[in-house]
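**Student:** One structure coming up, written as structure tokens, with questions to follow.
The values are calculated or read from the model by the stated rules, or taken from the named source; none is laboratory data. Owing to the predicted nature of the structure, the values given are computational and were not obtained by experimental measurement. A quick note on method: Cβ atoms are made from the backbone with ideal geometry, for glycine too, and the neighbour counts reach across all protein chains shown. Note: accessible area is taken over every heavy atom of the protein model, side chains too, but ligands, DNA and RNA are not part of it. Shrake-Rupley method; radii C 1.70, N 1.55, O 1.52, S 1.80 Å.
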Amino acid sequence: MRATRIDQKREGRPVVLVRLQQGANLRRRYIAQIPRWRQPLIGYFFSFPFVAMALIFALLMNMMLPHFYFPGAPMLLAIVLVAFIWGVGPALLSVILSTLVLDYFFIPPGEQLSLRSWDSGVQILPFFLIGIIVAIISGQREAARRRALFAELALKEYADELEETNQELKEVNQMKDKFISMASHELKTPITTIRGQAQITLRRLSRQKELPKELADVPHALEQIDEQTLRLNALVDDLLDLGSIRAGKMQLHLSRFDLCEACQSAVEEQRLLSGRDIELEQPETPVMLNADSDRLSQVVTNLVNNASKYSPETSPIKVSLQMQEKTTQLAVQDYGRGISKEQQTLIFETFYRSPDAQTSKKSGWGLGLAICKDIVERHGGRIWCESSVGEGSMFIVELPRG
Ligand code: ADP
């Protein structure tokens, strides 16, 4: 159930009325949480015996000590005790009772119960004022405790609300992830079929010596379909990967393989696809790893693909593989627009694309680097970027040797 806020809604009622009601509610809640024996009603009841005991004590003192000048002192003690235990209401009652008792027993006869007479009033006034001050102080203590309780309750309710909202957000997020994953699965088959059909038709047409005039544009259209479905396919693959990363289900299929070979074939593929000059520098001896070769090839492909996407077509791209004492380092260097310091960590977040990338014609979804990061980290490695704006970027992957 959703928690009700302490500061209830106004619903058109005057502010003063709302405040009063809030105060009353708070007081009721405050009283409800203090022990039964400290409830004000019990305090009103106990004010009588407390004042009576103070009176008996004062009378005894009066009899025993010939010069007992402070009959008000035991009364004040009673008031302080009542105020301390039961609060302002019972304390005020004790003040009134004590004042009457003092007036009746200790003001010389003839002026008894005549508080309005000047002499009696002046004699009792200081006692009465001190009693009232004690009651006010206890009232302030009570108000402070009520405010603390209010703050505590409000905090608890906000925390509950936050927890509930958090839970709802998590559920919505899980639903979204589930939807993306289901939709991606469903899209995979039709995309593959469309691409397959386009490629078959393209092959058939290419076998024709000459095409009728009205079919002349068809090969180009089919090539475009092939190209776009390839992009769609890559996106769907990324979305499926993202789904498994989020659900913690991305599995690594470990095997022993040579990273040099994997880099070579990934770079070769990218050379063919982009037509770019991609340098590959690697040790002459194999770099054997116990890892998921497909996933690591995916990382190399992604980094090289980004390098060619975000740098001028005429600039070179360098891929280098180096063995360190405990690690293997793969670096992909380009001489493109570079990445600012602030963006160097953001680019590894899902769906992040730099403003430059967003305004450029280069298509993308900001998923590739997030997936690379997850793959590398699952292998116990790390990935980072070193770059200066205008000079290019270098993406470095460090993997433990094994
Ligand atoms: P995508 O390339 O699909 O947008 P990525 O996750 O691969 O997604 O990259 C995220 C962002 O990082 C890119 O949008 C781009 O802004 C930036 N980026 C990645 N590689 C480079 C690079 N080599 N040079 C400059 N910017 C890059």
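**Student:** Are any of the pairs Lys341/Lys373; Lys176/Lys373; Lys176/Lys249; Lys309/Lys373; Lys188/Lys213 more than 25 Å apart by Cα-Cα distance, and if so, which?
**Tutor:** Lys188/Lys213
**Student:** When a/c reaches 1.5 or more, the comparison of a/b and b/c decides; with that in mind, is the range 179-247 rounded, prolate or oblate per its Cα gyration tensor?
**Tutor:** Prolate is the answer for the range 179-247, as a/c is 1.5 or above and a/b outweighs b/c.
**Student:** Let me ask you something else. Sorting Thr359, Thr99, Thr192 by accessible area (1.4 Å probe), largest first, what list results?
**Tutor:** Heavy-atom accessible area, descending, gives Thr359, Thr192, Thr99.
**Student:** Of Tyr335, Tyr310, Tyr30, which has the most accessible area with a 1.4 Å probe, and how do the rest follow in descending order?
**Tutor:** Tyr335, Tyr310, Tyr30
**Student:** Here is a further query. Starting from the 7 Å offset along Cα-to-Cβ, what nm value, one decimal, do you get for the label separation of Lys213 and Leu41?
**Tutor:** Here the modelled spin labels are 10.5 nm apart.
**Student:** How large is the accessible surface of His67 in square angstrom, using a 1.4 angstrom probe and rounding to the nearest 10?
**Tutor:** About 130 Å², ignoring ligands and nucleic acids.
**Student:** So how tilted is helix 88-106 from the main axis of the chain? Cα-based, degrees 0 to 90, rounded to 10.
**Tutor:** The angle comes out near 10 degrees.
**Student:** For the chain, with every protein chain kept in place, what is the accessible area per residue (1.4 Å probe, Å²)?
**Tutor:** Per residue, the chain has 63 Å² of solvent-accessible surface.
**Student:** On to the next question. About its Cα centre, what dipole magnitude does the chain give when the only charges are +1 on Lys and Arg Cβ and -1 on Asp and Glu Cβ, stated in debye to the nearest 20?
**Tutor:** It comes to approximately 1720 debye.
**Student:** Of the DSSP beta bridges with both residues in the chain, give the percent that are antiparallel, rounding to the nearest 5.
**Tutor:** Restricted to the chain, the bridges split so that about 85 percent are antiparallel.
**Student:** Of Gln358, Cys372, Gly336, which is farthest towards the positive pole of the range 276-402's charge dipole, taken about the Cα centre with +1 and -1 on the beta-carbons of Lys, Arg and Asp, Glu respectively?
**Tutor:** Gln358
**Student:** Scaled to the compact-protein estimate 2.2 N^0.38 Å, what is the alpha-carbon radius of gyration of the chain, rounded to two decimal places?
**Tutor:** Scaled against compact globular proteins, the figure is 1.97.
**Student:** Moving on to the next point. Any idea what angle helix 293-309 forms with the longest principal axis of the chain, computed on alpha-carbon atoms, 0 to 90 degrees, nearest 10?
**Tutor:** 90
**Student:** Sorted by mean Cβ packing within 10 Å, highest first, what order do the peptides 85-91, 70-76, 288-294 take?
**Tutor:** Answer by packing, highest mean first, reads 85-91, 70-76, 288-294.
**Student:** Tally up the carbon and sulfur contribution to the accessible surface of the range 179-247 as a whole percent, 1.4 Å probe, everything protein left in place.
**Tutor:** 58
**Student:** What size of dipole, in debye to the nearest 20, comes out for the range 157-316 about its Cα centre when the only charges are +1 on Lys and Arg C-beta atoms and -1 on Asp and Glu C-beta atoms?
**Tutor:** For the range 157-316, the charge dipole is close to 980 debye.
**Student:** How large is the accessible surface of Arg141 in square angstrom, using a 1.4 angstrom probe and rounding to the nearest 10?
**Tutor:** 90
**Student:** Continuing with this model, one more query. For the range 274-320 and the range 341-399, what is the separation of their Cα centres, given in Å?
**Tutor:** One Cα centre to the other: 15 Å.
**Student:** Longest segment of the chain with no GluC sites (Glu not before Pro) in a DSSP loop having at most 16 other Cβ atoms within 10 Å?
**Tutor:** Longest gap between qualifying sites, sites excluded: 12-110.
**Student:** Using alpha-carbon pairs under 8 Å, 6+ residues apart, how would you state the relative contact order of the range 318-402 in percent?
**Tutor:** 39
**Student:** Can you give the angle from 0 to 90° between the axis of helix 368-378 and the longest principal axis of the chain, with both taken from C-alpha atoms, to the nearest 10?
**Tutor:** 80
**Student:** If I take every Cα pair under 8 Å that is 6 or more residues apart in the chain, average their sequence separation and divide by the length, what percent do I get for the relative contact order?
**Tutor:** This gives 10 percent for the chain.
**Student:** May I ask you to compute the full-extension gain from Lys188 to Phe70, defined as 0.36 nm times their residue separation minus their alpha-carbon distance, rounded to one decimal in nm?
**Tutor:** 32.8 nm
**Student:** In the range 183-267, with Lys and Arg counted as +1 and Asp and Glu as -1 at Cβ, which of these residues, His220, Thr192, Ala247, has the Cα nearest the positive end of the dipole, that is, farthest along it?
**Tutor:** With unit charges placed on the Cβ atoms, the residue in question is Thr192.
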